[in-house]
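Remarks on the structure that follows.
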Amino acid sequence: MTSRFETAEAFAYVDNCLAPADRRAFEARLREDAELRRQVGLWESQNGAIRAAYGAAASARAAIDLGGNSNENFPVWMASAIQTRRSAVAPRAQTAPVPRTPSLVPPAPRFALARRVLAIATLAAGLIVAGVPGGPTWPRGQSIDAGLAAYRAFAAASDVSVEFRTSDPETLAKWLTPQFVGGIAVPKFSSDALTLLGGRIAPGTTTSAAFLVYEDRRGERVGLLIEPLDAPAPTRPALRESDGVSLALWTDGGHGFVAAGRDPQDVATLARLVDESRAPPR
Amino acid sequence: MRCFGLALVRDDRFVCDDGSAASLVDKLFRQASLTLIDDPTGDVRSARVRAFAQFIRLYRRHVRRMSADEDGGWVEGLASTGRASSSVISGVRNLPLELREALLLVVLAGFSHCQAAEALDIPLAAVIDRLGRARARISAHMSAARESTPREAAWPSAAHLRIVK
């Protein structure tokens, strides 16, 4: 085993990343090459020792032996947890794009009920252990709580004054930016539907956040909490309602955004305007 | 994922006990869960990769902050206390973060090399390179642990002590 390609192939074999045909071919080579066999055995024992030391299931190879795609050892509880957390339910077939070959030993029917009970218990335990807030349905999450609390404290009543009153996003950005280590992205848009009233610093989920207050034509206030995050993957605005307050939550450009207001249309409008103002020019 | 998180954050440098590791992992999970919200376009596998990727990003940020706070009071490379329950665990904990995350993603989390590359946002060749270096380091560490005397293995040298201002 001298070339990088051979090493990569050996790693792929050890880590169950080879397609079944390639795997069989590699195993044929293993039978002929004692040095390769010794090295692969060493790595496999190392993998097994790491899994055993950290208590991981050492059955990672079982999924491969059934003829499935490589690395299909995704725990069932995790798939179910993520799947049920979505509001839009995806077709079941999407979770298993590669058809598996039928098992040679069919499961005994008398264990079907026990399996279901075990699966439900595993799912529940998995959700608890993984620290997923809110259960399998929509998780309000800390960001929602932070946005909700900021809205109730600083924007729900029209007589609460904002800390820094301005209708100019540039001026507000100049005031806010030095107060954040990595800067803060103040959305700059002009719209007749919503007018900027000002902003303030509010508690975020893990650090301080900027809280911007807008007003619609009827004088109804809408709040926007912006918290710097560590470059999360961008997500589209998702509208929700909690305790009579409409919310929109999304992440973009290293920031988490939570828009909150009593009028769902205002919240949706604010989310759309902010999203469009941050979109790259076409 | 929790198993992966506990293995990643427990490094005897910033997180030196299991309780702290568990609380840090829970905190990072809660933050990472933000990215799991409502993405009807992605399938379960991509959601899982995104969740791990976000967890890793958050942990890197945590490490950067902790490193900045340390202000030179710690000597890199002397992090091992020798009190790990096995030489494998201490070998993993002694790995640099970039090697540790690649190895644990593949071995513990069961990611394929391509998925690990996607989660770490690095090329596939870099993942394979990191895996090779991580495995070589662990092998060397285990060999050294076998050759060391029982007294040395049981009690760390004084150089690991952290300087407290």
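Brief remarks on what is shown
- Considering only residues in segment B:89-130 that are among the charged types (D, E, K, R) and over 19 Å from B:V15 (Cα atoms), the one that is nearest to the chain's Cα centre (by Cα) turns out to be B:R130.
- Counting only residues that are touching a strand residue (DSSP E or B) at 6+ places or on another chain (Cβ under 7 Å) and part of a loop (DSSP other than H, G, I, E, B), segment A:169-185 holds 4 of them.
- Within the option set A:D168, A:D252, A:D216, A:D192, being charged (D, E, K, R) and either free of Cβ contacts under 8 Å to residues at least 12 places away in the same chain or closer than 28 Å to B:A119 by Cα (or both) holds for one residue only, A:D252.
- Residues of segment B:116-158 that turn out to be over 19 Å from B:L95 (Cα atoms), at pLDDT 75 or above and not in a helix (DSSP H, G or I), as a count: 2
- Considering only residues in segment A:217-239 that are crowded, with 20+ Cβ neighbours inside 10 Å and either out of contact with any strand residue (DSSP E or B) (no Cβ under 7 Å at 6 or more places or on another chain) or farther than 30 Å from B:R65 by Cβ (or both), the one that is nearest to the other protein chains (Cβ to nearest Cβ) turns out to be A:V222.
- Selection status of B:L99, within 8 Å of another protein chain (Cβ to nearest Cβ) and either in a helix (DSSP H, G or I) or under 22 Å from B:R64 (Cβ atoms) (or both): no
- When A:R37, A:R29, A:R23 are checked against the criterion of being more than 11 Å from chain B (Cβ to nearest Cβ) and in contact with a Phe, Trp or Tyr (Cβ under 8 Å, 6 or more places away or on another chain), A:R23 stands alone in meeting it.
- Residue match in segment A:173-185 (condition: away from every other protein chain (no Cβ under 14 Å), closer than 25 Å to A:A268 by Cβ, exposed (fewer than 15 other Cβ atoms within 10 Å of the Cβ) and at pLDDT below 80): no
- Output for segment A:6-23, where each listed residue is surrounded by fewer than 20 Cβ atoms within 10 Å (Cβ to Cβ) and over 18 Å from B:A134 (Cα atoms): A:A19, A:P20, A:A21, A:D22, A:R23
- Some residue of segment B:55-64 being at pLDDT below 75, surrounded by fewer than 17 Cβ atoms within 10 Å (Cβ to Cβ) and out of contact with any Asp or Glu (no Cβ under 8 Å at 6 or more places or on another chain): no
The values are calculated or read from the model by the stated rules, or taken from the named source; none is laboratory data. Just so it is clear, the structure is predicted and the values come from calculations on it, not from any experiment. Because the Cβ atoms are built from the backbone with ideal geometry, glycine has one as well, and the counts that use them run over all protein chains shown.
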